[in-house]
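Presented below is the structure to which this report refers.
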Amino acid sequence: MNVLLLADASPSLRARSLVELGGTGEYDPEVARLRAEIPSSPEVAAVLDALDQRSPRQLAYLLCRLSYLDYRGPELASAAEALFDQQQQDGSWPLFPEDDERVTTDSSPGPSRRRRRAPPAVRPRSETWRMIPQQTSIPLRGLAAAGYATDPRAERGYEWLIAQRLDDGAWPGDIKADHSRSMGTPGYRKLPRSTGCRSATTGALAALALHPGRRTSGFAHDALDHLLARETRDQWSLGHEVARLLGFERARGTLTFYATFDLAFLLDLASRSGVAPDEPRVADLVAFLESKRGPYGLWEHPAHPQLSRWLSFDLDASLTRLQAGDWTGTGSTERVALRAYPKRRRRY
């Protein structure tokens with residue numbers, strides 16, 4: 001463990017570093033002292049103040065943030081039950097629950113000297129889509145992070161999510177209401193050798209990776225195999241998910257929720273899915289990340305330098321988990337250099 005992590009102001013980071021990297025026991029006096037400070041820390045207080053969100057996606061991600069900050073208070077159970085209350089009979093969550101609050105009538109008062117065209121009727125977005133995997137994968141990730149992955153209600157959600165999978169093991173980005181299958185994925189969300197969506201596949205894997213049994217399933221490994229096939233070494237987005245979990249970046253988007261390709265997050269998912277460190281593509285990824293480690297053993301966060309200790313902890317925790325993995329991959333070492341929108345040859 002890098003002792004510089006223990007110099008951070010966050011009690012959450014210091015407690016997690018001692019336990020997950022330093023091998024300190026859960027009942028160690030120092031860990032107990034830090035855990036007592038976590039509920040009153042500014043970073044946790046900011047998340048607790050926002051727990052009145054009703055959107056399943058937003059509420060679920062707040063659970064992810066609290067879990068990342070090692071918070072274990074009673075609010076987790078209340079938020080989880082509020083999330084379960086919005087679950088549908090088939091195990092999924094509503095597509096756009098906020099549609100119920102949209103105003104569809106023209107409320108402009110008084111007559112006008114000019115005849116105004118009647119405003120178009122607002123069609124709820126939930127009527128234009130049949131299915132979007134993120135409607136359920138994001139709530140499942142939040143529930144799993146809070147410790148509810150094996151709850152029977154969550155298990156129904158996992159079964160629904162797996163049922164939306166494509167034959168090649170990826171997930172489609174969406175299916176429109178007037179179609180029976182996905183009509184394609186924009187280039188920036190494409191997978192190298194699949195018709196599936198990278199954002200949706202990442203979201204499904206993020207939910208599966210936190211389930212104690214499903215994290216090493218063939219479903220998780222197939223999804224990871226697709227993501228590892230993308231040959232990119234983007235440094236500008238390294239630690240993007242860490243920044244979102246700590247509130248420095250907004251967690252927004254539905255189809256695009258996981259559109260940013262974050263190598264640190266990919267390594268986190270791989271390490272939670274039981275991948276062995278000698279899997280060729282993972283080994284190359286680790287070698288690349290190690291080459292970016294600074295002289296004091298820390299990685300610098302490219303967008304938020306103040307999060308460098310958190311990013312370093314996150315990467316070191318992933319590297320530690322990798323040592324216990326035993327899945328060596330599917331035997332495929334395919335890596336495809338991806339250009340989201342290939343340049344067209346000019347006619348003249």
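The values are calculated or read from the model by the stated rules, or taken from the named source; none is laboratory data. None of the values given here were measured: they were computed from a predicted structure. Backbone-built Cβ (ideal geometry, glycine too); neighbour counts: all protein chains shown.
A few remarks follow.
- Across segment 270-284, the qualifying residues are those that are part of a helix (DSSP H, G or I) and in contact with a helix residue (DSSP H, G or I) (Cβ under 8 Å, 6 or more places away or on another chain), and the one among them that is farthest from residue 315 (Cα to Cα) is 281.
- Out of 259, 251, 220, one residue alone is in contact (Cβ under 8 Å) with a residue 12 or more places away in the chain, in contact with a helix residue (DSSP H, G or I) (Cβ under 6 Å, 6 or more places away or on another chain), within 20 Å of residue 67 (Cα to Cα) and small (Gly, Ala, Ser). It is 251.
- Test: residue in segment 261-269 that is modelled with pLDDT under 95, part of a loop (DSSP other than H, G, I, E, B) and farther than 25 Å from residue 18 by Cα: yes
- Condition check for residue 248: at pLDDT 95 or above and either farther than 27 Å from residue 152 by Cα or part of a helix (DSSP H, G or I) (or both): yes
Here is a yes/no grid of residues against (1) under 26 Å from residue 14 (Cβ atoms); (2) over 19 Å from the mean Cα position of the chain (by Cα); (3) buried (at least 20 other Cβ atoms within 10 Å of the Cβ):
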{"residue": "203", "(1), (2), (3)": "no, no, yes"}
{"residue": "216", "(1), (2), (3)": "no, no, no"}
{"residue": "231", "(1), (2), (3)": "no, yes, no"}
{"residue": "236", "(1), (2), (3)": "no, no, no"}
{"residue": "271", "(1), (2), (3)": "yes, no, yes"}
{"residue": "276", "(1), (2), (3)": "no, yes, no"}
{"residue": "284", "(1), (2), (3)": "no, yes, no"}
{"residue": "314", "(1), (2), (3)": "yes, no, yes"}
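- Residue list for segment 31-60, filter: in contact with a Phe, Trp or Tyr (Cβ under 9 Å, 6 or more places away or on another chain), touching a residue at least 40 places away in the same chain (Cβ under 8 Å) and under 30 Å from residue 21 (Cβ atoms): 47, 60
- Those residues of segment 91-103 which are surrounded by 11 or more Cβ atoms within 10 Å (Cβ to Cβ) and at pLDDT below 95, in sequence order: 94, 95, 96, 97, 98, 99, 102
- Residues of segment 133-149 satisfying the condition of being closer than 16 Å to residue 205 by Cα and hydroxyl-bearing (Ser, Thr, Tyr): 136, 137
- Subset of segment 1-47 (residues that are outside any helix (DSSP H, G or I), hydroxyl-bearing (Ser, Thr, Tyr) and within 20 Å of residue 306 (Cβ to Cβ)): 10, 41
- Hits in segment 45-86 - residues which are aliphatic (A, V, I, L, M) and touching a Ser or Thr at 6+ places or on another chain (Cβ under 7 Å): 69
- Count of segment 162-202 residues which are within 21 Å of residue 265 (Cα to Cα) and of a type in the set (A, V, I, L, M, F, W, C): 5
- Every condition in (1) buried (at least 17 other Cβ atoms within 10 Å of the Cβ); (2) modelled with pLDDT of 95 or more holds for residue 32 except the one numbered (1).
- Residues (surrounded by 14 or more Cβ atoms within 10 Å (Cβ to Cβ) and among the hydrophobic types (A, V, I, L, M, F, W, C)) located in segment 150-191: 154, 160, 161, 162, 166, 170, 171, 175, 191
- Selection status of residue 265, closer than 23 Å to residue 323 by Cβ, aromatic (Phe, Trp, Tyr) and either touching a strand residue (DSSP E or B) at 6+ places or on another chain (Cβ under 9 Å) or buried (at least 17 other Cβ atoms within 10 Å of the Cβ) (or both): yes
- Matching residues in segment 161-179 - criterion: being within 18 Å of the chain's Cα centre (by Cα) and not in a loop (DSSP other than H, G, I, E, B): 161, 162
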